[in-house]
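Read through the structure below, which is laid out as structure tokens, and then see the notes.
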Amino acid sequence: MDINTIHPTDTEVELVLHGRFDAHETEAFRAEVDTEMASGHHHLRVNLAAVEFVDSSALAELVRGMKRCRELGGDLILVQPSDPVRVILELTKLMSAFEIV
Amino acid sequence: MTDLAANNSSLDYYRRWATTPITERPRISVVIPAYNEEWRILPTIGAIATHISSLDVPWELIVADDGSTDSTAELVEELDLVNLKLLTTPTNGGKGSAVRRGVLAAQGELVLFADADQSTPIEQIESLIARIDEGDDVVVASRAAEGADVANKSLSRKVFSAGLSMIVRGIFRIPVADTQCGFKLFTAEAADLLFRRQLIDEFSFDLEVLYLAGKLDLKTSEVPVTWIDAPGSKVDAAKVAVEFLRDLAIIRWNDARGRYDGVNHPAVAITGPRVVPQR
């Protein structure tokens, strides 16, 4: 999986993921999230438009990131999840846990 | 193409499949054997359901639970997907027995069995279907065929696979380099011929099925696939290697005794209930 971090503005951060987000990728994702949070960015957008599959480890990592952001007054928002990712979020009953745009 | 317009997304096709019972024979049956897969089964079902639905053909999904002691069966049952059948059994009978129950319950013109870990991404089914359309009876996803892309496979599994391949091709005369990849497609006729005969309930059932395919002169081919090792694999390479060698001998012994000359299992017809306890 590729992770491309973009900063549309000084306060906005979007992690654009591409590929398969599974247990092999959670460490890199966590490192990216932690780096941004350490820089004071607590409002993270995670773009999932080009992610074809997320496994349970990836879902757990997204939930972890979301909870950490919210604890600090921010949020982790999912952006344009692909159709399979959206279905997986539905089946795991996580659609309502996230803000999805 | 059905009444859903060409511009609809795979999400639209999925929603229709999830809520509208199919009324005709499935073009495809997908069988997922599952043993204690509560951590992996839902994402796998989501990926498979989204992709196969997007092919816009009638299809069914069969989860053959193998006596799981975790919440795998409950999670699947709660999904309430109208074209999903859950087969349950009170005891753990082995992967081969779970696949057999699922395949013999399948009603599709084509029957795919796919492992619950989504190691072989479901998007690759089209390349297997293309081979069936060209006249093959059995098409095997292969991590060893030229052009395959294998990611994150451990050294022990690489050594194990290479050893198996050498034994299978050199000694057993099965012309398939990768007998164990959990992604195989059969015509309904081939599936019936093979799975009503095969006897092995454990890991080596793939090998037995391919041996029988050769014995029955079924046209079998391999398709290179992308394969990503899924963490948490239940395969113990050393233990399985011993079982594999034992099962090689059992298969030859069964054949010599004529145990594959006729069917060993009855056909199973399931048309009604979505949850079918089997013993």
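Every number here is computed from the coordinates shown, using simple stated rules; none is lab data. Predicted model only: the values in this text are computed from it and were never measured. Cβ placement follows ideal geometry from the backbone for every residue including glycine, while neighbour counts extend to all protein chains displayed.
A few points about this structure:
- Taking amide H positions as modeled 1.01 Å from N, with prolines and chain starts lacking one, the residues under 5 Å from A:T5 and 5 or more places away or on another chain are A:V16.
- Each label was represented as a point 7 Å from its Cα along the Cα-to-Cβ direction; for A:E99 and B:D217 these points are 6.8 nm apart.
- Mean per-residue shielding of peptide B:38-49 is 6, counting Cβ atoms of other chains within 10 Å of each Cβ.
- Alpha-carbon centroid distance for the pair the range B:70-143 / the range A:1-26, whole angstrom: 33
- Average partner coverage of A:87-100, which counts Cβ from other chains inside 10 Å: 4
- Centroid-to-centroid separation of the range A:39-101 and the range B:168-212 [C-alpha atoms, Å]: 40
- Cα gyration tensor shape of the protein assembly as shown, rounded if a/c is under 1.5, else prolate or oblate by comparing a/b with b/c: prolate
- Amide hydrogen neighbours beyond the local backbone of B:A34, cut-off 5 Å, H modeled: B:A64, B:D65, B:D66
- Angle between chain A longest axis and helix A:26-38 axis [Cα atoms, degrees, rounded to 10]: 30
- Peptide B:192-204, shielding by other chains (average Cβ, 10 Å cutoff): 0
- When chain B is treated as a Gaussian network with alpha carbon springs shorter than 10 Å, the biggest mean-square fluctuation among B:G258, B:G135, B:G67 belongs to B:G258.
- Each listed q (0.18 Å⁻¹) maps to a log10 I(q)/I(0) for the range A:2-100, found by the Debye formula over equal Cα scatterers with no solvent: -0.76.
- Scaled to the globular estimate 2.2 N^0.38 Å, the Cα spread of chain B, given as radius of gyration, is 0.96.
- Lysine pair count for the range B:10-264 with Cα-Cα distance under 25 Å and sequence separation of 8 or more or different chains is 20.
- Rounded to the nearest 500, the helix-only mean residue ellipticity at 222 nm of chain A stands at -12000 deg cm²/dmol, with each DSSP H run of n ≥ 4 adding -39,500 (n - 2.57).
- Just so you know, the Rg over Rh for the range A:45-101 is 0.94, from Cα atoms, with Rh as the Kirkwood radius.
- With the simple spin-label model, which puts each label point 7 Å out from Cα in the Cβ direction, the A:H7 to B:D236 separation comes to 5.2 nm.
- A protection proxy built from the mean count of other Cβ atoms within 10 Å ranks the segments B:28-35, B:182-189, most packed first, as B:28-35, B:182-189.
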